[in-house]
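The structure appears below as structure tokens.
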Amino acid sequence: MEVVGLLLCVAAAALTWGFLWVWDSWERMKSSEQAGLPGGGSRTLLVTAHPDDEAMFFAPTVLGLVRLRHQVSLLCFSAGNYYNQGETRKKELLQSCDVLGIPPSNVMIIDNRDFPDDPGVRWDTERVADVLLRHVEASHINLVVTFDAGGVSGHSNHVALYAAARTLHAQGKLPKGCLVLTLQSVNLLRKYLSLLDLPCSLLCARDALFVLSRREAAQAQRAMSCHRSQLLWFRHLYVLFSRYMRINSLHFL
């Protein structure tokens with residue numbers, strides 16, 4: 001019995017230590033600028049493929065950067081016209097960005113044949129890179145945020161953005177001091193653990209981690225709710241369970 005009691009005490013101590021470590025790491029991460037990130041006033045460009053990407057995948061990053069006083073802009077490479085809803089989705093995107101703290105003047109939506117909303121079409125890397133570089137230079141961007149090689153959902157349009165950003169970075173074409181931060185793709189289990197993934201995210205975080213407070217999580221959900229044309233039944237489940245609505249882990253190129 002004494003051995004059992006001792007083991008229970010050790011387990012309780014380990015759980016308490018683990019909880020305090022997670023809490024302390026979360027509080028420090030929320031309250032201060034994270035190492036490696038440009039400081040307040042920096043010009044950050046979020047690069048997405050479709051209207052709703054900014055809320056569905058990047059809401060914690062956008063709200064976190066706004067919290068750090070970054071000037072956030074959005075470059076969306078398509079109008080999301082796969083089901084001929086492009087005009088509706090443009091309006092929804094502007095509404096979502098307003099909720100997230102990105103003013104309409106900082107939102108650029110590209111709507112041309114070079115970049116169709118279609119998972120079966122592979123966007124040309126050089127064309128994407130050329131458009132991206134022009135926007136970075138014109139707006140004096142310090143930080144580019146986009147998808148990683150997995151594209152979170154594996155969508156070919158998402159992956160094309162990563163390929164373009166990686167090409168510009170590898171070839172040294174980005175302005176001096178301009179950093180590229182990519183959103184970490186995770187496996188299917190972690191993807192739908194919501195805040196239960198926080199310990200793993202804190203343990204595995206390499207460069208930047210954004211976790212939303214309860215108030216900010218409600219703000220992210222309001223942004224996603226602006227995309228009414230996309231809120232099919234399974235996306236309501238996504239909003240409830242996806243970690244990307246609460247947690248973003250990001251890595252520098």
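The values are calculated or read from the model by the stated rules, or taken from the named source; none is laboratory data. Bear in mind the structure is a predicted one, so any value in this text is a computation, not a measurement. Cβ atoms come from the backbone with ideal geometry, glycine included; neighbour counts cover every protein chain shown. Each accessible area value is taken on the protein alone, full model and side chains, heavy atoms only, with ligands, DNA and RNA left out. Shrake-Rupley method; radii C 1.70, N 1.55, O 1.52, S 1.80 Å.
What number of residues in the range 65-99 are surrounded by fewer than 24 Cβ atoms within 10 Å (Cβ to Cβ) and under 13 Å from ALA220 (Cβ atoms)?
3
Inside the range 104-143, can you point out the residues that are small (Gly, Ala, Ser) and open to solvent by less than 30 Å² (accessible area, probe 1.4 Å)?
ALA129
Pairs please, first residue from the range 40-64 and open to solvent by less than 10 Å² (accessible area, probe 1.4 Å), second anywhere and among the basic types (Lys, Arg), Cβ atoms under 6 Å, 6+ apart in sequence or on different chains.
Every condition considered, the pairs that remain are PRO51/ARG89.
Hey, does the range 134-151 have a residue that's under 17 Å from PRO51 (Cα atoms), not hydrophobic (A, V, I, L, M, F, W, C) and not in a loop (DSSP other than H, G, I, E, B)? Steps first, please.
From the range 134-151, those under 17 Å from PRO51 (Cα atoms) are 145-147, 151; that's our starting set.
Adding the requirement that they be not hydrophobic (A, V, I, L, M, F, W, C) leaves 146, 151.
Now restrict to residues that are not in a loop (DSSP other than H, G, I, E, B): 146, 151.
Yes, some residue in the range 134-151 is under 17 Å from PRO51 (Cα atoms), not hydrophobic (A, V, I, L, M, F, W, C) and not in a loop (DSSP other than H, G, I, E, B).
Restricting attention to the range 194-225, and to residues there that are without any contact (Cβ under 8 Å) to a residue 40 or more places away in the chain and among the polar types (S, T, N, Q), which single residue is farthest from SER242 (Cα to Cα)?
Across the range 194-225, the extreme among qualifying residues is SER225.
Let's see how each residue does on (1) of a type outside the set (D, E, K, R); (2) surrounded by fewer than 22 Cβ atoms within 10 Å (Cβ to Cβ); (3) closer than 26 Å to GLN71 by Cα:
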| residue | (1), (2), (3) |
| --- | --- |
| VAL145 | yes, no, yes |
| ASP148 | no, yes, yes |
| LEU161 | yes, no, yes |
| LYS173 | no, yes, yes |
| LEU179 | yes, yes, yes |
| LEU183 | yes, no, yes |
| TYR192 | yes, yes, no |
| CYS204 | yes, yes, no |
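So, in the range 211-253, how many residues would count as being assigned to a loop (DSSP other than H, G, I, E, B), open to solvent by 50 Å² or more (accessible area, probe 1.4 Å) and out of contact with any strand residue (DSSP E or B) (no Cβ under 9 Å at 6 or more places or on another chain)?
Total meeting the criteria: 1.
Looking at the structure I just gave you, is ASN157 at pLDDT 95 or above, touching a Lys or Arg at 6+ places or on another chain (Cβ under 6 Å) and either open to solvent by 30 Å² or more (accessible area, probe 1.4 Å) or not aliphatic (A, V, I, L, M) (or both)?
Details: at pLDDT 95 or above: yes; touching a Lys or Arg at 6+ places or on another chain (Cβ under 6 Å): no; either open to solvent by 30 Å² or more (accessible area, probe 1.4 Å) or not aliphatic (A, V, I, L, M) (or both): yes.
No; evaluated as a whole, the condition is false for this residue.
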